[in-house]
Amino acid sequence: MQRRTFLAAMRYLSWIVLAGAMSVARAAPEQFPTRPVRLIVPNVPGGATDTIARQLQSKLGELWGQPIIVDNRAGASGGIAFALAAKAPPDGYTLLVSSVSITIVETTLAKTLGATPSRDLTGITCVMQVPHVFVVNPSVPAASVGAMVDHVKKSGARLNFATAAIGTYTQLDAIRFLRAAGIDMTVVPYKGGAGQFIAAVLGNEAQAAMVNLASSIAHIRGGRMKVLATTWPSRRPELPEVPTMAESGFPGIGTNAWNGLFAPAKMPKALLARIHSDVAKVMDTAATREQLAKQMIAVVVSKSPDEFNGLLSEERKKWRQVVVENNINVQ
């Protein structure tokens, strides 16, 4: 009798402990955060990714009532920041703000990082997109993408296509376009990124590039660059006369850089959902949209972490195919 009573008491005690643990687990997202949160950024201050991180720093800090610390960790095409975030505890106190490059890096750099984004990180939500345009130096005798392709084919001109560093989406997009167009140009990667390759196009060191609209609009309006198309799904209000790449006969070619928020893998789903909800709450507002639109940044928030992770999976497949088909290796 005493043994049965003892076993019953132990089962009851175990149930109490389990229920308490479940209660704590359920309560954790509501209690988060209780201390400062770090946002790792794989770029130096300035630029679209850092701009979004600063937006989140201000707005989430106000909502959460805790300091948000932006930690800029540039280097290795984002790999340093990815590895740092991947090794953090999955408790929500270390998050990563990163761009489309996170879906490319594991194909080109994972062996040297000690971390693989698809395995060691999980997506929370997309946050924004930046429209890009296809530009050429004014010396190129073409007013459309088709005309440029015809010029290269008929004249045999050896033009340079400027991109950011090897393994970046700008380089891969240039390769994709040249293959689709059936033309040969020299793809020239610039380690200094957009600032350097924009200067190359302005100086006619390179004759073509795909670059974000915010960085190029002043040069386009000043006649120092000629815009042939936009990679946005529809025509841009800033340049309503400029056709899309799809209208120009190249659907799916060209990337509109996106930025998203990531967390270490194995973060509890309830906490992922809580952070996603809070990001949507502070970013998806008329005021924020209007503020960022002035910088030609479009707010794009995923419906859920699952939707964003689905996008990441498709992006990885696309970029892996480009990397493999063109034997791109930056190890």
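The values are calculated or read from the model by the stated rules, or taken from the named source; none is laboratory data. All values reported here derive from a predicted model rather than from experimental measurement. Counting neighbours? That spans all protein chains shown, and the Cβs are built from the backbone with ideal geometry, glycine included. These area figures cover heavy atoms from the full protein model, side chains too; ligands, DNA and RNA do not enter into them. Shrake-Rupley method; radii C 1.70, N 1.55, O 1.52, S 1.80 Å.
Count neighbours as other Cβ atoms within 10 Å of each site's Cβ, and list the trypsin sites (Lys or Arg not before Pro) in region 45-149 that are DSSP loop with at most 13 such neighbours.
Loop-located and lightly packed - LYS87.
Mind jotting down the three principal axis lengths of the chain based on Cα atoms? Whole angstrom, largest first.
Computed over the Cα atoms, the extents are 99, 43, 31 Å.
Going by amide H atoms built from the backbone, whose H comes under 5 Å of the H on ASN72, apart from near neighbours?
Here the answer is VAL41, since their amide H atoms fall under 5 Å of that of ASN72.
Identify all lysines with a Cα-Cα distance to LYS317 below 20 Å; exclude those on the same chain that are fewer than 8 residues away in sequence.
Here the lysines satisfying the reach criterion relative to LYS317 are LYS111.
Strictly over 21 Å apart at the Cα level, which of LYS59/LYS294; LYS269/LYS303; LYS154/LYS191; LYS59/LYS281; LYS87/LYS266; LYS294/LYS318 would you flag in this model?
The answer is LYS154/LYS191; LYS294/LYS318.
Take GLU62, GLU307, GLU315, GLU290 and sort them by solvent-accessible surface of the protein heavy atoms, 1.4 Å probe, largest at the top.
These residues rank, largest area first, as GLU62, GLU290, GLU307, GLU315.
Let me check the size of region 44-97 from its C-alpha atoms; what are the radius of gyration and Dmax in Å?
11.7, 34
Taking every pair of alpha-carbon atoms in region 84-215, give the share separated by more than 19 Å as a whole percent.
57
Specify the inter-centroid distance of region 284-300 and region 154-188, based on alpha-carbon positions, in whole Å.
Result: 32 Å between the Cα centres.
Using Cα pairs under 8 angstrom and six or more residues apart, how large is the relative contact order of the chain, in percent?
24
Return one whole number: the accessible area per residue of region 184-250 in Å², for a 1.4 Å probe.
On a per-residue basis, 44 Å².
With a 1.4 Å probe and every protein chain kept in, tell me what percent of the accessible surface of the chain is carbon plus sulfur.
56
Report, in debye and to the nearest 20, how large the dipole of the chain comes out about its Cα centre when Lys and Arg carry +1 and Asp and Glu carry -1 on their Cβ.
About 780 debye.
Step through the residues of region 264-280 one at a time and calculate ³J(HN,Hα) from phi using the Karplus curve (6.51 cos²θ - 1.76 cosθ + 1.60, θ = phi - 60°), rounding each to whole Hz and writing x for Gly and Pro.
Going residue by residue, I get x, 4, 6, 5, x, 4, 5, 6, 4, 5, 5, 5, 4, 4, 5, 5, 4 Hz, with x marking Gly and Pro.
Could you state the angle between the C-alpha long axis of helix 47-64 and the longest principal axis of the C-alpha atoms of the chain, as a value from 0 to 90 degrees rounded to the nearest 10?
Between helix and principal axis, roughly 30 degrees.
In degrees from 0 to 90, rounded to the nearest 10, what is the angle of the helix 2-31 Cα long axis to the longest principal axis of the chain?
30
How are the Cα pair distances of region 166-282 distributed, in percent, across 5 Å bins from 0?
Per 5 Å bin, starting at zero, the Cα-Cα P(r) for region 166-282 comes out as 2, 9, 16, 19, 17, 12, 8, 8, 6, 3, 0 percent.
Return one number: the angle in degrees, 0 to 90 and rounded to the nearest 10, between the long axis of the Cα atoms of helix 305-325 and the longest principal axis of the Cα atoms of the chain.
Helix 305-325 sits at roughly 40 degrees to that axis.
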